[in-house]
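Asker: The structure follows.
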Amino acid sequence: MQDFIFSNDFFRNIDAMIYTCGYENCAPGHSYGPIMRGGYLIHYVLSGSGTYKARGKLFRLKAGDAFLICPDELICYKADTNTPWTYAWIGMQGIKIRGYLERTSLPENLVVHFGEDEQLRRCHEKMSEADRLAENRDLIMNSILYEYLFLLAYKFPGKKAVTAEKKSNHVENALKYIEDHYCDSITIQDIADHLGLNRSYLHRIFKAFTGTSIQNYLLDYRMRQACILLKNTDLSVRMVAHSVSYIDSLYFSRLFHQKMGMSPSEYRGTL
């Protein structure tokens with residue numbers, strides 16, 4: 001089960017967060033992949049050259065170029081044997097990252113030329129400096145991330161920016177509605193009606209942004225809340241079921257078993 005919330009947990013944040021950053025001075029011919037990554041990464045070539053292969057295309061890159069790696073796409077990149085590259089990278093995750101990046105030309109083109117842009121280079125430098133902090137690391141790193149995303153959208157604007165932002169906002173509003181009303185007997189149609197959207201359209205954009213259907217997400221969210229109640233309260237299974245919208249406690253128990261591999265009582269017994 002996975003729920004998306006406003007959180008400092010990199011992998012469950014509803015908005016956007018950094019999950020990796022750094023520099024690498026590659027050896028001649030050093031390669032990475034073929035592989036799929038779980039988040040978005042931007043590599044900025046600082047010196048040297050190399051190749052990047054994605055979506056069946058081969059890009060030959062040099063200093064000043066930057067390339068985007070998208071989640072769940074097969075990619076491979078390799079340093080030149082004579083002039084191996086040095087690059088900096090930033091990895092991003094979160095529900096809204098896709099929408100933010102679609103304000104730029106990167107998702108469509110995969111490669112842009114930063115040149116010697118001092119602002120973008122400095123973002124990479126500041127990110128690596130912030131990554132070494134012991135306190136308030138997440139706050140400073142996220143402030144740099146938003147600066148970086150703004151610069152990308154400003155310097156390399158995309159054609160789908162407005163549409164992507166609207167879709168991202170629809171998904172965020174759906175997530176908020178579920179968080180506020182999971183304890184009620186809401187349906188997918190109720191969520192769509194609340195947002196003023198066609199149900200099929202909501203289903204498509206929700207799955208595109210979260211990787212799961214809205215129906216499955218609602219069920220997962222309810223089961224997660226049930227787990228919290230079973231762990232932290234003495235409420236009966238019947239009352240827990242009612243608290244997450246299920247009047248029929250037997251039906252709730254069957255759903256819980258399907259998701260957790262054990263009954264609610266067995267789950268409570270393992271804590």
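Asker: In percent, what relative contact order does region 147-243 have, based on Cα pairs under 8 Å that are 6 or more apart in sequence?
Answerer: 22 percent
Asker: Same structure, new question: Largest first, how would E125, E172, E135, E118 line up by accessible area (1.4 Å probe)?
Answerer: Largest to smallest exposure gives the sequence E135, E118, E125, E172.
Asker: So what are the ³J(HN,Hα) numbers for region 244-253, from phi and the Karplus equation (6.51, -1.76, 1.60; θ = phi - 60°), rounded to whole Hz, Gly and Pro as x?
Answerer: Here the 3J(HN,Hα) series is 10, 5, 9, 6, 8, 5, 5, 5, 4, 4 Hz.
Asker: Using a cut-off of 15 Å between beta-carbons, work out the net charge of the residues near L151 (Lys and Arg +1, Asp and Glu -1, L151 not included).
Answerer: 0
Asker: Work out from phi, with θ = phi - 60° and the Karplus expression 6.51 cos²θ - 1.76 cosθ + 1.60, the ³J(HN,Hα) of each residue of region 114-130, listed in order in whole Hz, and give x for Gly and Pro.
Answerer: 6, x, 9, 4, 5, 5, 5, 4, 5, 4, 4, 5, 5, 5, 5, 5, 5
Asker: Right, another one. Calculate log10 I(q)/I(0) of region 64-150 for q = 0.17 Å⁻¹, where I(q) comes from the Debye formula with a single equal point scatterer on each Cα and nothing for solvent.
Answerer: Relative scattering, expressed as log10 I(q)/I(0), comes to -0.86.
Asker: Still on this structure, I have one more. Roughly how many percent of the accessible protein surface of the chain is carbon and sulfur, given a 1.4 Å probe and a whole-percent answer?
Answerer: 49 percent
Asker: Hey, another quick one. About the Cα centre of the chain, how large is the charge dipole given +1 on each Lys and Arg Cβ and -1 on each Asp and Glu Cβ? Please answer in debye to the nearest 20.
Answerer: 720 debye
Asker: Also: Pairs of Cα atoms under 8 Å, at least six residues apart: use those to get the relative contact order of the chain, whole percent.
Answerer: About 17 percent, as a whole number.
Asker: Based on alpha-carbon positions alone, could you give the equivalent ellipsoid semi-axes of the chain from the gyration tensor, as √(5λ), descending, whole Å?
Answerer: Working from the Cα gyration tensor, I get semi-axes of 42, 20, 17 Å.
Asker: Okay, next question. Taking the alpha-carbon centroid of each part, what is the distance from region 241-264 to region 75-119 in angstrom?
Answerer: 45 Å
Asker: Ordered by residue, what ³J(HN,Hα) values in Hz, to whole numbers, does region 23-38 give under the Karplus form 6.51 cos²θ - 1.76 cosθ + 1.60, where θ = phi - 60° and Gly and Pro are x?
Answerer: 10, 8, 9, 7, 6, x, x, 4, 10, 9, x, x, 7, 10, 10, x
Asker: While we're here: For the charge dipole of region 90-241, defined by +1 on Lys and Arg C-beta atoms and -1 on Asp and Glu C-beta atoms about the Cα centroid, which residue among A226, L202, N173 has the Cα displaced farthest towards the positive pole?
Answerer: So the residue furthest toward the plus end is L202.
Asker: I'd like the accessible area for D193, computed on protein heavy atoms only with a 1.4 Å probe and all protein chains in place. Round to 10 Å², please.
Answerer: Near enough 100 Å² of accessible area.
The values are calculated or read from the model by the stated rules, or taken from the named source; none is laboratory data. Just so it is clear, the model here is predicted, and its values are computed rather than measured. Cβ atoms come from the backbone with ideal geometry, glycine included; neighbour counts cover every protein chain shown. These area figures cover heavy atoms from the full protein model, side chains too; ligands, DNA and RNA do not enter into them. Shrake-Rupley method; radii C 1.70, N 1.55, O 1.52, S 1.80 Å.
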